[in-house]
Amino acid sequence: MLFNTPEYFFFFSTVFLVYLVLSFRAQNVWLLTASYLFYGSWDWRFLFLLLASTVIDYSAGLVIYAARERNAARTAKLALAWSVGGQLAILGFFKYFNFFAESAAALLGHVGLRASLPTLNVILPVGISFYTFQTMSYTIDIYRGAFAPTRNFVDFALSVAFFPHLVAGPIQRARSLIVQIERPRAITQEHWERGLTLIAIGLLRKVAIADPAGSLADAYFASPSSFTSIPLACGLVLYGFQIYNDFAGYSEMARGSANLLGFELMRNFRHPYFARNVSEFWSRWHISLSTWLRDYLYVSLGGNRRGEARTYANLMITMLLGGLWHGASWNFVIWGGLHGAYLCVYHYVRRRRASPHPDEVGVRRPFVFSPTVRAVVNGAVVYALVTFSWLFFRAHDLATTSAYLHGLLALRLGFEGAVLPVVSLAAMTLAIDIPQALADNECALIDWPPMRRAAFVTAGLLFILFSGTRGHEPFIYFQF
């Protein structure tokens, strides 16, 4: 049940109208029922998996809290291990079993040992990477003493299954969502305005930008050897537009749907292509995942508290596992490793500039760029590095990656009309991002003069109607 389909409009309208006439506690039961119906419309069998994940962490949270209250540290650790181990076991079985089995068999084959390890024809449950991470944060936060668990199972189950964020996030921290679930909600005019605006902008990003960009990029990745370097570079840029507008559009529609029900979900994107360094990029891109990895993995590994070498190792481990989180493929591991290397180089250079070598103290540089020029140059470099990394994210296998990389680096000229679509889609993306960034507000158009707002809405509707997309394309992050 995709956000960009009539089926979702009918589903949400029904949920919303019934929701309005119910009491607070009945609203929670109704939303939980609707959320399970929403997830079960894809495959009802995986409702049991969602329920099992919920039960594991609900019970673990209560045990951890009770153990902390009576200073039973060992019991609390065992309950946390049950929670984290159980969620990782579920995620590992459905997402990574075949990947590790096939990789082990290939490794043994390289050293001359023939092995036929078992593989399973397992369907990857939609949203499993998101709701397992969310429920793990719940028990970890209780273990750390950040908050007390909820004793109402319906409230906790709703925090896990809440349909706007269930399939592809944002990965909401349980403590922030449960607080909203446990209290009566009032739907204000601001909720209406922001909700409808976010849904409209998300739909525009998805239908008018992401889907056409994806359709064009698919041709380059399907046969990279058929194109020269410039079209292949355009293919990477197009995929960068696709994945950004697709996922940001989903996140905006998820937040808009939640707003209409009186809830607030965290912002997941803050114009990442405007970043001036790679660290800033990750503070703007998929914020709910990057902050999760920072708070629950990087910090747990020691963060930057154990020396420079350990900091770089922690950054690499975090980004490698972040890449693997996206999918069971070596391409995702390479993508994560590449961003880990970017971050290590950035932190090394920043440290050197903050603490220059004694021989460099007092040395005047012959030429220094102005802050504006530096910001533009830095932004262009970061954009180029990020766009290059999308090659490993998009290519389905190492053979496609190799062919694409070979054609890209061959530096063979030939435009083949590839640049014009890039310019057009870039202009559409900037038309959304620049006003939002200047106001630091995703719903900046609410405050625009009526004529300007009407012109933007009219243009958006026309772009959606004449986008020429192939239909109701699923969101990219559904497969993660």
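Evaluation of ILE243 against the conditions (1) crowded, with 23+ Cβ neighbours inside 10 Å; (2) under 30 Å from THR135 (Cβ atoms); (3) among the hydrophobic types (A, V, I, L, M, F, W, C) shows that the sole unmet condition is (1). Among all positions in region 432-455, there is no residue which is in the same structural domain as VAL333 (by TED's automatic domain parsing), modelled with pLDDT of 90 or more, in a helix (DSSP H, G or I) and within 20 Å of HIS326 (Cβ to Cβ). Assess whether LEU203 counts as being crowded, with 22+ Cβ neighbours inside 10 Å and either among the aliphatic types (A, V, I, L, M) or farther than 24 Å from GLN134 by Cβ (or both). In short, no. Every condition in (1) touching a helix residue (DSSP H, G or I) at 6+ places or on another chain (Cβ under 7 Å); (2) over 26 Å from SER35 (Cβ atoms); (3) not charged (D, E, K, R) is met by PRO184 except one, and the failing one is (2).
Listed here are the residues, each with its yes/no results for (1) among the acidic types (Asp, Glu); (2) more than 17 Å from TYR96 (Cβ to Cβ); (3) part of a loop (DSSP other than H, G, I, E, B); (4) not assigned by TED's automatic domain parsing to the domain that holds ASN378.
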{"residue": "PHE281", "(1), (2), (3), (4)": "no, yes, no, no"}
{"residue": "ARG294", "(1), (2), (3), (4)": "no, yes, no, no"}
{"residue": "ASN304", "(1), (2), (3), (4)": "no, yes, yes, no"}
{"residue": "GLY323", "(1), (2), (3), (4)": "no, no, no, no"}
{"residue": "ASN331", "(1), (2), (3), (4)": "no, no, no, no"}
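When you check LEU238 against the structure, is it on the phi < 0 side of the Ramachandran plot, modelled with pLDDT of 95 or more and surrounded by 21 or more Cβ atoms within 10 Å (Cβ to Cβ), yes or no? When the stated conditions are applied, LEU238 passes them.
Scan region 219-249 for residues that are polar (S, T, N, Q), more than 16 Å from TYR383 (Cβ to Cβ) and in a helix (DSSP H, G or I) and report the count.
Number satisfying all stated conditions: 3.
Scanning region 277-300 for residues being over 17 Å from the mean Cα position of the chain (by Cα) and either surrounded by fewer than 17 Cβ atoms within 10 Å (Cβ to Cβ) or on the phi > 0 side of the Ramachandran plot (or both) gives a total of 2. Counting only residues that are surrounded by fewer than 21 Cβ atoms within 10 Å (Cβ to Cβ), in contact with a helix residue (DSSP H, G or I) (Cβ under 7 Å, 6 or more places away or on another chain) and farther than 18 Å from TYR96 by Cβ, region 312-321 holds 2 of them.
Considered as a group, the residues in region 250-261 that are assigned to a helix (DSSP H, G or I) and among the aliphatic types (A, V, I, L, M) include one that is farthest from the chain's Cα centre (by Cα), and that residue is LEU260. Does LEU391 fit the bill of being closer than 29 Å to LEU196 by Cα and out of contact with any His (no Cβ under 9 Å at 6 or more places or on another chain)? Considered against the rule, which asks whether it is closer than 29 Å to LEU196 by Cα and out of contact with any His (no Cβ under 9 Å at 6 or more places or on another chain), LEU391 comes out as no. For PRO164, indicate whether it is in contact with a Ser or Thr (Cβ under 7 Å, 6 or more places away or on another chain), assigned to a loop (DSSP other than H, G, I, E, B) and assigned by TED's automatic domain parsing to the domain that holds GLY85. Against the criterion (in contact with a Ser or Thr (Cβ under 7 Å, 6 or more places away or on another chain), assigned to a loop (DSSP other than H, G, I, E, B) and assigned by TED's automatic domain parsing to the domain that holds GLY85), PRO164 does not qualify. Close contacts from region 44-71, counting a first residue that is under 17 Å from ALA157 (Cα atoms) and a second that is of a type in the set (Lys, Arg) and modelled with pLDDT under 95, with Cβ to Cβ under 8 Å and a gap of 6+ residues or different chains, come to LEU62/ARG151. Taking region 72-94 as the range and being in contact (Cβ under 8 Å) with a residue 12 or more places away in the chain, within 28 Å of GLY327 (Cβ to Cβ) and hydrophobic (A, V, I, L, M, F, W, C) as the test, the residues that pass are LEU80, TRP82, VAL84, LEU88, ILE90, LEU91, PHE93, PHE94.
Taken over region 279-322, the criterion of being of a type in the set (Gly, Ala, Ser) and under 24 Å from ASN378 (Cα atoms) is satisfied by SER279, SER283, SER290.
Taken as a whole, region 185-192 holds at least one residue that is surrounded by fewer than 23 Cβ atoms within 10 Å (Cβ to Cβ), of a type outside the set (Ser, Thr, Tyr), closer than 26 Å to TYR244 by Cα and touching a residue at least 40 places away in the same chain (Cβ under 8 Å).
Residue-by-condition table, conditions (1) under 17 Å from GLY240 (Cβ atoms); (2) over 23 Å from the mean Cα position of the chain (by Cα); (3) surrounded by 13 or more Cβ atoms within 10 Å (Cβ to Cβ):
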| site | (1), (2), (3) |
| --- | --- |
| VAL423 | yes, yes, no |
| THR429 | yes, no, yes |
| ARG453 | no, yes, yes |
| ALA459 | no, yes, yes |
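Does region 401-420 contain any residue that is within 21 Å of GLY249 (Cα to Cα), part of a helix (DSSP H, G or I), touching a helix residue (DSSP H, G or I) at 6+ places or on another chain (Cβ under 9 Å) and touching a residue at least 12 places away in the same chain (Cβ under 8 Å)? No, the conditions are met nowhere in region 401-420.
Does ASP246 satisfy the criteria of being within 18 Å of PHE463 (Cβ to Cβ) and in the same structural domain as ALA459 (by TED's automatic domain parsing)? Yes: the conditions hold for ASP246. Please tell me if PHE130 is surrounded by 20 or more Cβ atoms within 10 Å (Cβ to Cβ), out of contact with any His (no Cβ under 6 Å at 6 or more places or on another chain), closer than 28 Å to LEU2 by Cα and modelled with pLDDT under 90. Taking the combined requirement at face value, the residue satisfies it.
The values are calculated or read from the model by the stated rules, or taken from the named source; none is laboratory data. Keep in mind it's a predicted model, so treat the numbers as computed, not measured. Note that we place each Cβ from the backbone using ideal geometry, even for glycine, and neighbour counts take in every protein chain shown.
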